[in-house]
Amino acid sequence: MSVDEQQKLRTPFPRVARSALGYNVKQVDQFLSRARAFYTDGESAQRPLDSSEVRSTAFDAAKGGYAPAAVDAALDRLEDVFAQRERDALIAREGEDAWLMKIGKTSAVLRARLHRPDGDRFRAPQRRSLSYVKADVDALCHELIDYFENDKPLSVDTVRRAVFGSAKGQEGYEEGQVDAFLDRVVELMASID
């Protein structure tokens, strides 16, 4: 068995070609080790970890690293597990009514933005910054309204993997504001699904 074949057996994710860019192996392994320790040790772990940190984690690019799609899929599953665990802990600590109140407040804030008119849901970026095409973002917002208000099925992964066209400046929505909003949507969907 070659060294490459032995290495493949020891790694949790497939790797990209040696000359291609993937996720930094050491960073991914360290993060997953930390997540595993927190999951098994819970409150006694040295560095707490929650679903929002899992969602916002990013890794440096490295030649021959882990295949991003495989790592991203694992992080999505990990985020879902942590979100459910957080929900269960809140219910155990404060009762189901407290959890329902929390998701009700979050849902109300999100739905208020979703009901703004097309083209006016988010602010335009400063100057010539890159932004998201308004029509692309508005289309996802319509799907979210159907999900929240009409019980239309929508996977949290659809929101996680949403891709929007690029616009220039005032022609689009500010990327940071849209991304922050979608993070809250994912957080809510992960806790109720």
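Bear in mind these aren't lab numbers, they're just calculated from the coordinates by the rules spelled out. Nothing here was measured: the structure is a model prediction, and the numbers come from that model. Here the Cβ positions follow ideal geometry from the backbone for every residue, glycine too, while neighbour counts run over all protein chains shown.
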Equivalent ellipsoid, the chain (semi-axes from 5 times Cα gyration tensor eigenvalues, Å): 32, 26, 14
Charge-dipole axis of the chain as Lys and Arg at +1 and Asp and Glu at -1 on Cβ define it, positive-most pick from VAL109, LEU78, ASN24: ASN24
The stretch 82-193: radius of gyration and largest Cα-Cα distance (Dmax), Å: 15.4, 49
Per-residue [θ]222 nm for the chain (sum of -39500 (n - 2.57) over DSSP H runs n ≥ 4, rounded to 500): -19500 deg cm²/dmol
Test item: Cα-centred dipole of the chain, Lys/Arg +1 and Asp/Glu -1 on Cβ, debye: 720
Whole-Hz couplings from phi, Karplus 6.51/-1.76/1.60, listed for the stretch 21-34; x for Gly and Pro: 8, x, 7, 4, 4, 4, 5, 5, 4, 5, 5, 5, 5, 5
Cβ crowding within 10 Å averaged over residues, with 169-182, 80-93 ranked highest first: 169-182, 80-93
